[in-house]
Structures are given as structure tokens and as C-alpha cells.
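**Student:** Got a structure here, written out as C-alpha cells. Questions coming.
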Amino acid sequence: MPITPVAERTWAAVTPASTYLFGVETGADAGTDVRVVQWYWGPRLPEAALAEAARFPIPRQETGFLDPRDVDELLPVDGGRRWGVPSLQAVYEGGVRSVELSYVEAVTGPGEIELVLRDEAYGLRVGLHVRCAEDTDVVERWVTVANEGAAPVRFGRLDSGSWVLPERPAHRCTGVFGAWGRETQLQRTGLPVGETTFTSRTGTTGHRANPWIMIDAGDATEESGEVWTVALAWSGSWRLTAQHRSEGDVAVTCGSGHDGPHAHLAPGERLRTPSALGLYADGGYGAASRAWHAYTRGHVLPAPDEERPVLYNSWEATGFDVSEAGQLELAARAAGLGAELFVVDDGWFGTRDRDSRGLGDWWPSPGRFPDGLTRLFDGVRALGMVPGLWVEPEMVNPDSDLYRARPDWVLHHPGRRRDTMRNQLVLNFARTDVREWAIGWLDGLVGEYHLAYLKWDMNRSFSQAGWPEAGERADMLWIEHTDGVHAVMDELRRRRPGLRIESCSGGGGRVDLAVLRRTDLVWTSDNTDARDRQTIQHGFSYLYPAGTMSAWVTDSPNPHTRRRVPLRYRFHVAMAGILGIGGNLTAWSAEELAEAAGLVAAYKAIRPVVQHGRLYRLAGTPGLTASAVQYVLDDRVVVLAYNPFTLDGRPPRRLRLAGLDPEAVYEVVTSEAATTAPVGSRWHGRTLTAHGLILPSWLPNGPDYRSELLELRRVGTP
Ligand code: DGJ
């Protein structure tokens, strides 16, 4: 039983390796100022120790000039003597603020608990939910609010919950920042005293940050040390604030929404926040990431056991210049390489021959495909591949039949401009008629062409985000648009269980644990330069598994950066995730095509290990120095090693592997490092982890962009 009662009004979420202890404070502050406090979050305590950890509350400051301690609450409200970051900020009728909560009851279910609180004077019911499962250290939390009063309530902040970090001599935080083409750049810095906020105001998860933070005591490494993570499962605007008080306390609160818009709850209405997820891991960033990957596979992804096919996507080859003959020519070459899925990207519909028109008109372009897409997709199938199509359901070009017919469907405020970005406006998926329209044509398209795959794109941020018909509720579009996108995806999957969906948003702008609940993979970045990708993939891997990371091999010089990178290196970088090909294959030489076919075959051989194995970030700063990643699945071990630059005169270094059985013997079964780790050579697990292998690609004085693939298998004990 993962949630267990410990003492009066005290419970513990007990996971395989951690304990999360919380309870309702029953001391002098109770009554209408009840505090639900986190007693402990860290390594798993013995059962007999649970009660003692919750025995003596830290006394609250009652006199003098010091603030009372308010940082240890699961849901600090804006109310009473609290001056920290509120997780719940309500405004009642007449502008009344200062929430006063009383304790009502605890409702328990299998693996979960709801602590029910109530602001009696205004009839706001607040449910604090905690849930955990037997096989993960991730603890899930969310909040429900129900307006049982007579007047509407507005919320300035309605977070999923606050997480308290234990006292340590120092605190350091790790997260990712980015931009279009430069997503998930890892950032690690001491947590300043103050309030550090990561946020998206774009209406999407966004490129600038990703909704998670890892905090350690400044001593964690890739392989060792305690790391606490908080992540938010949400695909719209969000805000995560790490509060480091001058007294030393640290807490992280996070939730949907951003500064400005107010959530709105009419009498009788109820709202559930997205889930906030907390993980304690001992074993460094590597262990924390592997725990997130396992959680994503075990509790988030809809079809985690499948292997993702090798994809070909036409976007970088053709742009908007899409034709049946051109696509079939690419398809023939892609099939020759071993691609299994052929995706026609933007440009196949309406008048869409440039980015300024046609979005919203989801029928095959009458000029380019007068007879529809059947012949094209039959051709794709005849080549042994399954078909996929690009869509951007949330968007419309003003120059489209849809916009001419339904200008009221876009986000807008009366009397305000409708600024376009990439010549497009955002359709309001908070509206039920827009959702019904979307599910109608998406379902029709998938059915008519027997599509196996959709790439669901979203290429602009919200602006002038109004919903005039909704009156006082207009700000709810920030939540309900995202709910609508999720609902359409869910419904589409329900109707078409065989359909697989890629989440894309101008590259990696919609990567989160909520979209991964209804999609199968994400487009990581529009930047397909292999070296830049290494940096992006490194940051991506902190939370998300390689089996969700779509990675293409494209042309050299790269169309974005003009950098020339050898084909093998480009492949090896893309083989670290879900391999796809996105280059203009009609311009590849016969030698390049032959080499690529060999690399696709090599990927297929290691695919189960990469997509479903445990990931170890072995060494280096990917993209900048010699580096390597390793995957382990059962007895199989795959290593991808890279060296983008030659550094003259550097002594050779060994690569130490990780995650192996030190007592077992491993045999090299595939090797591009024939001189130092030849096929058939055997190594003790302990030699590989404690001493390491010499890799030719890491030796000094060679050419730039060397890389190697190596596979070993456990063959038994000596
Ligand atoms: C942005 C995506 O990230 C690209 O891969 C491509 O699909 C374009 N949109 C098409 O407009």
C-alpha cells in the first residue's frame, strides 16, 4: 500500500526508494488557518521511523518581527500570515482575498488520498490529492477546487502544489532553457536567495524553458548524490517558482497559467489542476533521469512497448513544394534505405504553397492532388512503408476558406488587432464547436487514407488571446484551449487505436508529460545539425526517454547552420533516439545512399535497446567534447561514442561504461572500434566500468567528427 496512515492526520507515500511524509497540522494554528505540511521527502524511511519523523513540528514564530514559517506547506495560500509564494490565490466576490481553510476530511482510495479543506465563508472546497504507485519513486499531486458558494471565484494562482526541499548546506538547481532551434540547453546554477521562476506565457509548453527543475545540495554528479525533481505535466502556459528564503528554506511551487490571466470558477463549477510530479533519487542526475524515463514508459506513454519505425519526412527536402511525383521519388529512395514510415509534411492541402495561405483548409490541394492522396499513399504502401501526414489543427491563415467563414473562431479581443505570426492565427480550442470541427476532419482524414501517423504541429504563440463570447470566463481559454487539444487527441486515439501521433511545435515547443500521455514521440527541434542536436538531446534526456525523441539525419551542409558533418556522425547522433531521415535523398550520391542503408540496418539491430533500455550519459559535454551515451536492456549494451573536434596532444582517454553487472562477462558483438574492442573480445563487467575501453574515435590527432557504435552482450559469469 503506497499511501499509508502514520499517525493522527499524518500519512506517508512510500515508494520503492523514497518516503514522502505529510499531514494536517493540528497545533495552535489550526481552525480556519489549517496548514497541510510536508514533514519529510527523501530516502525511504523504515516503517518504524515514519511516526518519529512527524513527531515534533518545527515551532512557528509567534512573536517578534520574524515571519512565521510558511514554506513547508503542500499548498500555501495567499491568506493569513504568509508572505511567501502562494500556490493558491483566490479572489472572492467584492475583491475579498485572504483564503482561510479548515480541515474537513481525508478520503483515501487505492494508492491515493484526498485531503479535503474548505474556505467556509465563501464555499470554496479545496482537495489536495497525493498518489503513488508500487513501481516508481514518482509521487503525483494535484489540486481540485469546487465552488460551492453563491458567487464566482477568480484565481490569480492555482498551482498543483508546492514541494519542500530538505535542509542542506547548499542548494543548486538544474533545468533547461532554449529558443526555436536551440531547445533544452542544460543550465546548472546555485539557487539564489529569492524567487527563481521558469515560465511559459505562450499558451504552449514553449521553447524557452521546460516545466521541470532538479535540485541538489551542490554535490550531486551524474553518478552519485541526492537529486530532487519537480515536473509539471501540462502543455499550456505554466509557471514554476523555486523559492529560496533568506532563512534557508527552499520550496518549489508549480502549476498551469502565468502572471496576468485569472482562472474563473462559477458557482457549481469544479476544476482539476494538472499533475505536479515529484521524484527523489539517490544516484545522481543519471539515476534521476532513468527514474523519469521508467515512469514515462510505465505510467505516461500510451503505447510504450512498441518499437518506433524509422521515418522519412519530406519537409527539409521539399518545403512547400509538394507533388505526387516528387514525394514518390523521395519515397522510393527512402524505402531503399530501409525507412518504414513515410510522412508528407506541410504543403499538401488547400492553397498551401507558401506559409501565408491555406492553413485551416484540410483537403488535398486541388492544384497538386486533384484526385486526392490515394495514389500517393498507395505508392508509399507498395514500397513497403506506412503513410503519415502533417497537420496543424490549432491554426488558420487569414487567407483561407476557414477564416473567411469563421473569423470568430480565432483567439481575439474586440477592438484589438489580430497580430499574425508566421502569417497565422490561433483557433480557440476552448470552444466546443472548434473541437468538434477538428475531430471531424482529423478522423475523416485518418479514415480515408488509412493513416498510421500524424505529425501534430503548432507553430505560433498566443497573442491578443481573448474569447469574447465567454465574458467573465474569457481567461479560461488559457486552460481550456490546452484541455481541448488534449481532448481532441484523446478522442482521435479512441476512434483510431492504431494511429500514432508525433507532437511538434515549431520544433520542440510542446514537449511535456501531458502531451506524452496522448502522443508517442516528440519532434525535438527544427535544428537538425548533428552537433547542435547533441547539446539539445543531452538536455532533453534529463527528463524524457530516448524512445520519445524524434531525430532526423538531414543534409550536409546543414540547411540551418551550413555546417558540414560526415554522414556516419549524423546517423550516430540520430540513432541515439528514434531514427528518422529528413534529407533531400534525390541529391545523395549512390555511395551515400549505400552507407545510409547500412546505418539504418545497424539502427534496426540496436533499436530495442536504444528505445526501451536504460540510458547512461557516460562522459563529456555532448557536441563540444568527446562524449558517449550508453543503453542497457537485459543482456544487451549499446554504446554510441562521439568526438566532434580533434584536440591535438591530448592523452588518450578510456571510456568507462556504467550500469553493468560487475561480476559478469561481456562480449563485443558489434564494433566500429575494431582495433581496441574487436568483435568477439570478452571483458569483465568490472573492467569495463572501473577501467574502461580505449576508443579510436577518442584518440588525439584524428579528423574531426569521428564516432563509433559498439554493442556488447552479457555472456555469463566467469
Ligand atoms: C515546423 C516543424 O517543426 C517543421 O518540422 C515543419 O513541420 C514545419 N513546421 C512545417 O510548416
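Every read-out reported here was derived from the displayed coordinates using simple, explicitly stated rules and does not represent laboratory data. Small disclaimer: the values here were computed from a predicted structure and weren't measured. A quick note on method: Cβ atoms are made from the backbone with ideal geometry, for glycine too, and the neighbour counts reach across all protein chains shown.
**Student:** At 7 Å along the Cα-to-beta-carbon direction for both Ala303 and Thr374, put a label point, then send me their distance in nm to one decimal.
**Tutor:** Label-label distance for Ala303 and Thr374, simple model: 2.5 nm.
**Student:** Could you calculate, for segment 219-313, the ratio of the Cα radius of gyration to the Kirkwood radius, expressed as Rg to Rh?
**Tutor:** On the way: Rg = 18.0 Å, Rh = 16.7 Å.
Rounded to two decimals, Rg/Rh equals 1.08.
**Student:** Note down the net charge around Leu186, summing +1 for each Lys or Arg and -1 for each Asp or Glu among other residues with Cβ under 15 Å from its Cβ.
**Tutor:** Charge balance in the 15 Å sphere: +2.
**Student:** Further question: Two decimals, Cα atoms only, Kirkwood Rh: what is Rg/Rh over the chain?
**Tutor:** Ratio of gyration radius to Kirkwood radius for the chain: 0.99.
**Student:** Which order do peptides 698-706, 157-165 fall in by mean Cβ count within 10 Å, highest first?
**Tutor:** Highest mean packing first, the order is 157-165, 698-706.
**Student:** Under 20 °C and 1.002 mPa s, how fast does segment 260-302 diffuse according to Stokes-Einstein, given a Kirkwood radius computed over C-alpha pairs? Answer in µm²/s, whole number. Mind dumping the intermediate values first?
**Tutor:** On the way: Rh = 13.6 Å.
Rounded to a whole number, D works out at 158 µm²/s.
**Student:** Residue by residue, what Karplus-based ³J(HN,Hα) values in Hz, rounded to whole numbers, does segment 461-466 have, using 6.51, -1.76 and 1.60 with θ = phi - 60° and x for Gly and Pro?
**Tutor:** In residue order, the calculated couplings are 7, 5, 8, 6, 7, x Hz.
**Student:** Shifting gears a bit: Give me the one-decimal nm value for the distance between modelled label points at Ala51 and His450, 7 Å along each residue's Cα-to-Cβ direction.
**Tutor:** For Ala51 paired with His450, the spin-label model returns 6.6 nm.
**Student:** May I have the convex hull volume per residue, in Å³, for the Cα set of segment 189-259?
**Tutor:** 98
**Student:** How high is the FRET efficiency from Asp634 to Asp704, r the C-beta distance, R0 35 Å, rounded to 0.05?
**Tutor:** Efficiency, rounded to the nearest 0.05: 0.50.
**Student:** Local charge sum around Gly319 (other residues, Cβ-Cβ under 12 Å, Lys/Arg +1, Asp/Glu -1)? The partial results should precede the final answer.
**Tutor:** Numbers: positive: Arg352, Arg354; negative: Glu316, Asp321, Asp345, Asp346, Asp353, Asp355.
With Lys, Arg at +1 and Asp, Glu at -1, the net is -4.
**Student:** Let me ask something else about it. Counting Lys +1, Arg +1, Asp -1, Glu -1, what net charge surrounds Thr108 among other residues with beta carbon under 11 Å of its beta carbon?
**Tutor:** On the way: positive: Arg131; negative: Glu105, Glu112, Glu114.
The answer is -2.
**Student:** Additional query: Relative to the compact-globule scaling 2.2 N^0.38 Å, provide the ratio for the alpha-carbon radius of gyration of segment 380-443. Working shown, then result.
**Tutor:** On the way: Rg = 15.2 Å, N = 64, 2.2 N^0.38 = 10.7 Å.
Here the answer is 1.42, to two decimals.
**Student:** What length, rounded to one decimal in nm, is gained on full extension from Leu593 through to Ala121, with 0.36 nm per residue of separation minus their alpha-carbon distance?
**Tutor:** 162.7 nm is the gain from fully extending Leu593 to Ala121.
**Student:** Follow-up question, since we're still on this one. Between Thr586 and Ala150, what is the label-point separation in nm under the 7 Å Cα-to-beta-carbon projection?
**Tutor:** 7.3
**Student:** Moving to a separate point now. Over the Cα atoms of segment 238-385, compute the convex hull volume and normalise it per residue, giving Å³.
**Tutor:** 263
**Student:** Using 0.36 nm per residue of separation minus the Cα-Cα distance, give me the extension gain between Glu223 and Thr189 in nm, one decimal.
**Tutor:** Full extension of this stretch gives 10.4 nm more.
**Student:** May I pose another question? Rounded to the nearest 500, what is the chain's calculated 222 nm mean residue ellipticity when only DSSP H runs of at least 4 contribute -39500 (n - 2.57) each, over all residues?
**Tutor:** When only DSSP H runs of four or more count, the value is -5500 deg cm²/dmol.
**Student:** While we're on this one: Can you order the peptides 196-209, 32-45, 581-594 by their average number of other Cβ atoms within 10 Å per residue, highest first?
**Tutor:** The peptides rank, most packed first, as 196-209, 32-45, 581-594.
**Student:** Now for a different question. Determine ³J(HN,Hα), in whole Hz, for all residues of segment 472-485 in sequence, where each value follows from phi through the Karplus function 6.51 cos²θ - 1.76 cosθ + 1.60 and θ = phi - 60°; x replaces Gly and Pro.
**Tutor:** Residue by residue, segment 472-485 yields 4, 8, 3, 5, 5, 4, 4, 8, 6, 4, 5, 4, x, 4 Hz.
**Student:** Would you work out the Kirkwood radius for segment 581-718? I mean one over the mean of 1/r across all pairs of different Cα atoms, in Å.
**Tutor:** For segment 581-718, inverting the mean 1/r across all distinct Cα pairs yields 15.8 Å.
**Student:** Go from 0 up to the bin containing the longest alpha carbon distance in segment 576-646, width 10 Å each, and give me the % of pairs per bin.
**Tutor:** The percentages, shortest bin first, are 18, 38, 36, 8, 0.
**Student:** Using 5 Å bins from zero, what percent of all Cα-Cα pairs in segment 400-511 falls into each bin?
**Tutor:** 2, 10, 19, 23, 21, 14, 7, 3, 1
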